[in-house]
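Worksheet for the structure shown next.
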Protein chains: 2
Amino acid sequence: MSHKIILIGADQPALDAVLSYKRTTPDATATVLYPECNPLAEFSCVTLDSFMGNGIDFPENLRACAIAPEDKTVMVRDNFTGEESHLEYDTLIFATGSAPAPLDVPGSFLSGIRRVGDYNDATRLTAAEGTNVVIGDGLNLLLAIARLLDDAVGTIEVIPSSIPQACKPLGDAMTAMVLHHLTQKGVIIHTGETLKAIEGTNRANRVLTDKRTIEAARIINATSNIPVTCMVKDAGLDLDTTGHILVDDNLKAADSIYACGGCASFISPACAKPIPGASVKSTEPRQSRTLAASLAGTSQPFHAPVCAYSIPMGDMTVAGAGLSMEGAKECGFTPMSAMVVQFDRAHFMPEASLMTLELVFDAQTRRVVGIQGLGQSGDALAGRISAVSALLASHPTVEDIANLEVAYSPPFASAMDILNTAGNVAENILSGSNEGIDPLEFDTLWQNRESNEYFFLDCREFGNAEPFLERHPLHWNTIPQGEIARRVAEVPRDKKVILICNSGARSYEAQVCLKAAGIEDVVNVDGGMVAIKQSGVEI
Amino acid sequence: MSHKIILIGADQPALDAVLSYKRTTPDATATVLYPECNPLAEFSCVTLDSFMGNGIDFPENLRACAIAPEDKTVMVRDNFTGEESHLEYDTLIFATGSAPAPLDVPGSFLSGIRRVGDYNDATRLTAAEGTNVVIGDGLNLLLAIARLLDDAVGTIEVIPSSIPQACKPLGDAMTAMVLHHLTQKGVIIHTGETLKAIEGTNRANRVLTDKRTIEAARIINATSNIPVTCMVKDAGLDLDTTGHILVDDNLKAADSIYACGGCASFISPACAKPIPGASVKSTEPRQSRTLAASLAGTSQPFHAPVCAYSIPMGDMTVAGAGLSMEGAKECGFTPMSAMVVQFDRAHFMPEASLMTLELVFDAQTRRVVGIQGLGQSGDALAGRISAVSALLASHPTVEDIANLEVAYSPPFASAMDILNTAGNVAENILSGSNEGIDPLEFDTLWQNRESNEYFFLDCREFGNAEPFLERHPLHWNTIPQGEIARRVAEVPRDKKVILICNSGARSYEAQVCLKAAGIEDVVNVDGGMVAIKQSGVEI
């Protein structure tokens, strides 16, 4: 008897798995049904075209309305005749996918609002002349802005929607850097405003917040994804706290029932919480492989994703894997982070450019739980993130990153690669020898400079420090790092010392010197002037 | 009492460690001595300049002649006066480095022969107008050729010297690809010739092999490195089989004696054998950190290197980590390899270019022991190699590579990244569903096509196959992969079927189809026509 497979929805990994399974089991039958209860699932329809005629049946008129797991049947209704019938299955697969959260304001169902819920959506997006308004958060927001920047048509205004901290792809310090970069590219960001309504007669063409009205040529919904799982409770399946279908590592949800793609729950190995959907797109081929094995009665366990992504935003790429500082906090870690700035290859290579990395680790266990980065060379940045991503599932320590061996020669890495530096800085932070602050914390202290509680000490050579000395003769001080040991008497012992250099490396050396001389209240600006400048902090 | 440190030699990681240690222990004293017994150690001298005046003493006239570990003294002789004396130490560090093996032929000590023993040497090398003759092997040879190609001056002729298989950075199939690439760049390679002599009156300017005489404008010795360890037995230290000083993971060789840099032995975690010197240059900062900790009486264990490298050779980069097929054989593994060709990012990105990877794994344990690759985008290739390099020390399986999550978006990776493909192909090879041959094995079969024992089947679309059909109507056959299931009767059952497509992906699908139809004697050309063409194999 042939193996009867029914798919609810047509998310890519399920279709791929069925096709792969049918190559070795040609007499298996497969039928795709869309659920009656949620028309959003039809958005996946575009992916189906390429699978037609490959032995997957797609009765377009039929809608699945109910599942009876005890009989292994799905009740279907004909969309035109209203006629009901039952289809039997040996295996049922939920592949209903996910969709961006609907904008919960008046007018949110007006036509013409574009959705960006994954890389494919972003690829299909084009910028309009006039104002492009993007409403959203997380990776979907970055993807939408990246695509619009690439088109270089019209202007871009952004209304960030709030998302849970655990889902934020970047920590606060790096978010500030990305926002500053976008602002420099002409993107207008309405931080702290609340979306109130979308208006338009035939099509959506106006966006109202609590502070302004924007006439919009194009409106894009790039909120975080929510899973489409309307028939799931019916089938007696369990959902996680964010509404995704719980599956085991064979993607099994219950007896003879599987789930994969955007509707399925993958618990991140970096965190015992579900992770946002868009960033797991790259794991779909592996989900497909696991599901094909399950269909064949064997096992190819799926490794839960660490959400490694890399998004080019104009001439700067943003990338990351695992948890940000804020996400790690929500997951119950005691996170600390090491922010480093360094050239992406040997400094003497003409194509060397600066890269910024933030390594997130747990203070209790020394375990690395995430990494985020910015850089001009996207391939070079993606390579560093991939190397850490490869390790994340096996719970690396900061020592593992300090010792990680990147593929070296001067055109591609420094002998002391930026990843190793990040690991070393993390070790120094954990040992207490490096007490760092990020550019935003520096800004808070600098804004308060008139209090005279702080001694801002520039450890670069005099030529670099001079313009700042001239601008702030009362608050800026300079002793080159190499001279600090013998000029330590010039450093006051009754103020908090804030050490600044170009990248954070020399100021750390200075910190070691000062501590050896008994000056303990010293902090070092991680990433130095480069990070300060990248964050848009003015001195 | 201050800590007295004596360094024999001045290899970089030892100097860095001492400087780092002196920052927290300023009253420690450090003296650098060169060994009398081997003037080669003086080659390291250039690195010393930048450390002078930082509290490291360098009595230029003194040469170390003997060590008495029981008294913790070094006997030194003044180079000019001949006067002998004894210097006491608390800690002795061997930092004598390594040097390319001397060319063991008449004339090999003539002046003017340039050495390339590491990345620094290569950086300092320039090409001469006229003929540049490079004699050497392994990574040093690649580094020297890369540098000369970059200069684009004169011509390059290469006399490969033979090295142990375990030290070959690339397997045979990939070596063929690199040689073909170099040949296309105009490099002349005298494979199989033996160096007989070097001649010249004042300077070396003629190279003699058993087959030719080459008038040379520049002669470069790029043989593999040998450690400089002439005083070591004297100190009662143990050497490994290749003459490097055995150290533990704190870099300790014996009581109060340490070694690091080119003279020290690091056992690769991928193989219980020592690994060649040049490729561990990037681990020097980490050796320095370990040694500094040891000097301070704490411990920062050094992780043995996996030799990850990445060398740009004109418009193609060669990179790798861990063992090649041949190296893995010598180390006692039962190695197999998966060769894959795929775009380095989503195929629709305009900057997409082809990458070739060879994943080396053990058939018994499924353990991945190495990876090598070629590609036009060096950063993209280095990123893939770094991701596998990060895992190598923890003994990944092919499944770990199949599930490795690279930083994804279409501009930087395919959803099914080439690394995941390599892992999947390896799984398919181990399960027996993919029986592959490499381009060199294909060439052997193709040369023997008149035997009529083989059925060469092109699975690409007709348009791709047509030129080969026209050229070889008797030996070339075509059935597009999508049609194979229903045209299986056209495939003979009494011949070995050799399947070819563009990259090896469709021919694997065809292989699965044919096996399902009971045709068992089928092989698939890994990497397909791309790999065949890259290897210079003519069809």
For the range A:327-334, check the following and say yes or no: at least one residue is within 14 Å of chain B (Cβ to nearest Cβ), in contact (Cβ under 8 Å) with a residue 40 or more places away in the chain and surrounded by 20 or more Cβ atoms within 10 Å (Cβ to Cβ).
no
Taking the range B:14-32, which residues are in contact (Cβ under 8 Å) with a residue 60 or more places away in the chain, part of a helix (DSSP H, G or I) and more than 10 Å from every other protein chain (Cβ to nearest Cβ)?
B:14, B:15, B:17, B:18, B:21
Are any of the residues in the range B:474-491 in contact with a strand residue (DSSP E or B) (Cβ under 9 Å, 6 or more places away or on another chain), of a type in the set (Ser, Thr, Tyr) and not assigned by the TED database to the domain that holds residue B:372?
yes
Matching option when the condition is at the interface with chain B (Cβ under 10 Å from one of its Cβ atoms) and open to solvent by less than 20 Å² (accessible area, probe 1.4 Å), among A:344, A:362:
A:344
For the range A:294-304, give me each residue that is more than 10 Å from chain B (Cβ to nearest Cβ) and either among the hydrophobic types (A, V, I, L, M, F, W, C) or open to solvent by 40 Å² or more (accessible area, probe 1.4 Å) (or both).
A:295, A:296, A:297, A:299
Hey, can you tell me all the residues within the range A:407-446 that are facing another protein chain (nearest Cβ under 7 Å), more than 26 Å from residue A:365 (Cα to Cα) and not in a loop (DSSP other than H, G, I, E, B)?
A:408
Counting only residues that are part of a strand (DSSP E or B) and in contact with a His (Cβ under 8 Å, 6 or more places away or on another chain), the range B:201-214 contains a total of 1
Taking the range A:215-246 and keeping only residues that are assigned to a strand (DSSP E or B) and more than 28 Å from the chain's Cα centre (by Cα), one is left with A:215
Could you list all residues from the range B:463-490 that are small (Gly, Ala, Ser) and open to solvent by 30 Å² or more (accessible area, probe 1.4 Å)?
B:463, B:482, B:485, B:489
Could you run through the range A:285-302 and say how many residues are over 27 Å from the mean Cα position of the chain (by Cα) and outside any helix (DSSP H, G or I)?
4
Write out, first by first residue and then by second, each pair whose Cβ atoms fall under 7 Å of each other, whose residues are 6+ apart or on separate chains, and whose first residue, in the range B:352-379, is basic (Lys, Arg) while the second is open to solvent by 10 Å² or more (accessible area, probe 1.4 Å).
B:366/B:397; B:366/B:430; B:367/B:395; B:367/B:397
Tell me which residues, restricted to the range B:261-288, are within 14 Å of chain A (Cβ to nearest Cβ) and either at pLDDT 90 or above or in contact with an Asp or Glu (Cβ under 8 Å, 6 or more places away or on another chain) (or both).
B:261, B:262, B:277, B:278, B:281, B:282, B:283, B:284, B:285, B:287, B:288
For the range B:100-117, how many residues are β-branched (Val, Ile, Thr) and in a loop (DSSP other than H, G, I, E, B)?
2
From the list B:506, B:493, pick out the single residue that is within 14 Å of chain A (Cβ to nearest Cβ) and either in a loop (DSSP other than H, G, I, E, B) or open to solvent by 50 Å² or more (accessible area, probe 1.4 Å) (or both).
B:506
Qualifying positions in the range A:135-185 - of a type in the set (Lys, Arg) and modelled with pLDDT of 90 or more
A:147, A:185
Would you say residue A:355 is more than 8 Å from chain B (Cβ to nearest Cβ), open to solvent by 10 Å² or more (accessible area, probe 1.4 Å) and assigned to a strand (DSSP E or B)?
no
So which residues in the range A:76-98 are surrounded by fewer than 24 Cβ atoms within 10 Å (Cβ to Cβ), in a strand (DSSP E or B) and among the small types (Gly, Ala, Ser), if there are any at all?
A:85
Within the range A:384-406, restricting to residues that are under 20 Å from residue B:398 (Cβ atoms) and assigned to a loop (DSSP other than H, G, I, E, B), the one that is farthest from the other protein chains (Cβ to nearest Cβ) is A:393
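The values are calculated or read from the model by the stated rules, or taken from the named source; none is laboratory data. Quantities reported herein were computed from a predicted structural model and do not represent experimental measurements. For neighbour counting, all protein chains shown are included, and Cβ atoms are generated from backbone atoms with ideal geometry for every residue, glycine included. Heads up: the accessible areas ignore ligands, DNA and RNA and are worked out on the full protein's heavy atoms, side chains in. Shrake-Rupley method; radii C 1.70, N 1.55, O 1.52, S 1.80 Å.
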